[in-house]
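First comes the structure, then the notes that go with it.
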Amino acid sequence: MFFASGSNFSQCHRGLIISHKKTLFSTLATATRLIIIIAFLGWAVYSESLTGIVASSLAWTGGIGIEGIMVFLGVVYLFTTPGRAAKKLPEVSNTDSDKLQLISIGSFFLPLAIMRFLRSGARPIIQC
């Protein structure tokens, strides 16, 4: 339940940020998520107070919630409310000047690729 609602909350606001071409806020949200997850899992491994499955479950769902909150704060910082952000969405243009650029794709997918890489590297640590 929390996973689905947290994910939807995050993706809804991320869509507003991406539509306004402010992908830096999406990158900052993902970076914040990564830092908090790494710190939490480091604490869990060091203190040995949680089992691996509990620590990873909390990191996974908590990370999604943290990222959703950070993206929401980015929307509030830029536009005051999500409704105002939706009203200010740019009109869809059919001109060639609005074509998608490779740098835009890279700045969006780079944080996702880093998260995927770190997640695959964290599996052996969590399972120990």
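Only the coordinates and a few stated rules stand behind these numbers; no lab work does. This structure is a prediction, so every number in the text was calculated from the model and none was measured. As a convention, Cβ positions derive from the backbone with ideal geometry for all residues, glycine included, and neighbour counts pool all protein chains shown.
Taking 0.36 nm per intervening residue step and subtracting the Cα-Cα distance, what contour gain separates Leu58 from Phe117 on full extension? Before the final figure, lay out the partial values.
Working: separation 59, 0.36 × 59 = 21.24 nm, distance 1.90 nm.
In short, 19.3 nm is gained.
Sorting Glu48, Glu67 from the fewest to the most surrounding beta carbons within 10 angstrom yields Glu48, Glu67.
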